[in-house]
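What follows is a short report on a single structure.
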Amino acid sequence: MSTAPYASPTMTHPRGAPSNPTAAVVAILLGILVAVLGFFALLMWVDAHQARDDAHRAATQATSAAAMPGMDMSSTSAAGVHSYAGASPANADALATAHKPFPATLPAAPAGAVANVNLVLKDVTVQIAPGIKYAAWAWAGGAPGPVIHVRQGQLVKITLTNSGAIPHSVDFHAARVAPDKAFGDVMPGKSVSYTFRANDPGVFMYHCGTKPVLMHIANGMYGAIVIEPPAGTLPKADKNYVLVASEWYLDSDGLSKPAQFNMDKAHARQPDWMTFNGYSGQYVKHPLTAKPGETVRFWVVDAGPSIDTDFHIVGTVLDRAWVAAGMTNKPLENVQTVAVPAGGGGVFDVNIDKPGLYPFVSHAFAAVDQGQVGLLNVGGVHGTMTH
Ligand SMILES: [Cu+2]
């Protein structure tokens with residue numbers, strides 16, 4: 001550690017010798033300071049050395065676990081957080097096949113000046129991976145909540161009913177409203193309504209905003225609203241798919257009984273599972289589809305609660321990318337990977353002419369191992385792949 005900042009030339013005599021008693025005292029004090037700092041530097045070095053050894057051991061464990069497909073990836077991290085990543089029952093493959101995937105196809109927008117949206121919050125046990133149960137605070141249909149599709153300019157009338165056991169609320173990122181009024185807590189058994197004008201096109205997150213928000217979001221209280229610009233504004237899309245990315249933090253493996261939320265893991269940002277539309281790898285078994293030459297538009301929200309999604313499609317380049325789902329801006333063209341931040345969105349067009357299986361992933365690849373991966377089957381080809 002350099003001591004230069006503490007030995008300022010303005011504080012010592014030009015010849016290095018103190019010229020008066022005050023300067024001598026200052027010089028002695030500086031000497032003591034340097035010695036103390038040196039001691040702490042030594043302690044920090046020892047600490048860093050030990051941390052490096054710990055990190056090395058953790059990396060070795062992770063690598064050996066990842067090297068064996070099908071092996072339980074559970075482990076305890078250097079931070080002391082036990083992971084249930086990769087837990088799976090013997091019949092996981094059959095369960096994945098039997099799983100009914102969350103509908104990713106964008107539903108039609110309602111006609112008329114007002115879009116009525118009814119949302120029901122509910123405590124419900126969901127499946128987040130084959131055989132993995134989670135006691136969610138979610139919506140009547142599980143997590144994520146229903147995909148909402150409106151047209152730019154429509155008045156959106158939200159009616160929220162709380163069928164859960166504790167207070168909840170709903171915060172729409174697409175709304176320009178006073179949050180203390182619209183997004184307030186709704187007591188169990190009660191309903192609330194508010195309206196906002198869908199003036200900003202794009203895809204936006206909605207979520208429960210009741211404290212602790214981290215827990216309410218991680219428990220499944222999120223969804224996406226697509227606000228589509230007037231017909232003819234965007235290049236024509238043949239297929240529209242909505243993906244909501246999120247993480248899950250488990251207090252148990254979820255195999256024999258539903259797992260619950262683990263706050264330590266959520267604070268450490270060490271999820272067990274990461275998903276598109278609430279279920280690990282569901283579009284690997286049940287791929288999204290397109291015909292060769294069709295334009296496919298992905299409307300992606302990252303619900304988090306804390307980790308970004310780095311959206312990428314293997315085997316192609318994103319023809320258009322509306323970064324941050326800012327659809328009044330020009331899209332980027334011909335880019336490989338675009339980050340969708342926690343609490344944000346992105347809209348991506350691809351046009352693929354060669355038949356095949358094209359994985360879409362978060363290219364932060366730990367997310368793929370934890371389930372944030374799906375397939376786009378172009379041309380109805382047979383077979384499957386994982387990436
Ligand atoms: Cu809530």
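Where a number appears in this text, it was derived from the coordinates with a stated rule and is not lab data. Quantities reported herein were computed from a predicted structural model and do not represent experimental measurements. Cβ placement follows ideal geometry from the backbone for every residue including glycine, while neighbour counts extend to all protein chains displayed.
Remark on region 272-363: Rg and Dmax equal 13.0, 37 Å (Cα only).
Magnitude of the charge dipole for region 153-270, about its Cα centre and with charges confined to Cβ atoms of Lys, Arg (+1) and Asp, Glu (-1), is about 260 debye. Exposure proxy for 203, 378, 120: other Cβ atoms within 10 Å of each Cβ, ordered fewest to most, give 120, 378, 203. Counting neighbouring beta carbons within 10 Å and listing from fewest to most, the residues 354, 239 come out as 354, 239.
With a simple spin-label model that places each label point 7 Å from the Cα along the Cα-to-Cβ direction, the separation between residue 125 and residue 381 comes to 4.0 nm. Subtracting the Cα-Cα distance of residue 195 and residue 181 from 0.36 nm times their residue separation leaves 3.9 nm of extension gain. For region 357-372, putting each phi into the Karplus relation 6.51 cos²θ - 1.76 cosθ + 1.60 with θ = phi - 60° gives couplings of 9, 10, x, 10, 9, 8, 6, 7, 5, 4, 5, 5, 4, 8, x, 8 Hz, in residue order, rounded to whole numbers and with x for Gly and Pro. Each label point was placed 7 Å from the Cα along the Cα-to-Cβ direction; for residue 213 and residue 116 their separation is 3.1 nm. Quick one: Cα centre-to-centre distance for region 292-333 and region 334-366, in angstrom? That distance is 6 Å.
The DSSP beta bridges internal to region 277-387 are antiparallel in roughly 90% of cases. Less than 14 Å Cβ to Cβ from residue 164, Lys/Arg counted +1 and Asp/Glu -1: what total charge do the surrounding residues give? Summing Lys/Arg as +1 and Asp/Glu as -1 gives 0.
Taking 0.890 mPa s as the viscosity and 25 °C as the temperature, the Stokes-Einstein diffusion coefficient of region 74-136 based on its alpha-carbon Kirkwood radius rounds to 156 µm²/s.
Placing a label point 7 Å from the Cα of residue 256 along the Cα-to-Cβ direction, no residue of region 116-141 has its backbone N under 12 Å from that point. At each listed q (0.19, 0.20 Å⁻¹), what is the log10 of I(q)/I(0) that the Debye formula gives for region 196-324 modelled as equal alpha-carbon point scatterers? Each listed q corresponds, in turn, to -1.17, -1.24. Residues 166, 217, 307, arranged from fewest to most other Cβ atoms within 10 angstrom of their Cβ, appear as 166, 307, 217. D by Stokes-Einstein for region 94-231, Kirkwood Rh over Cα pairs, 37 °C, 0.692 mPa s: 211 µm²/s.
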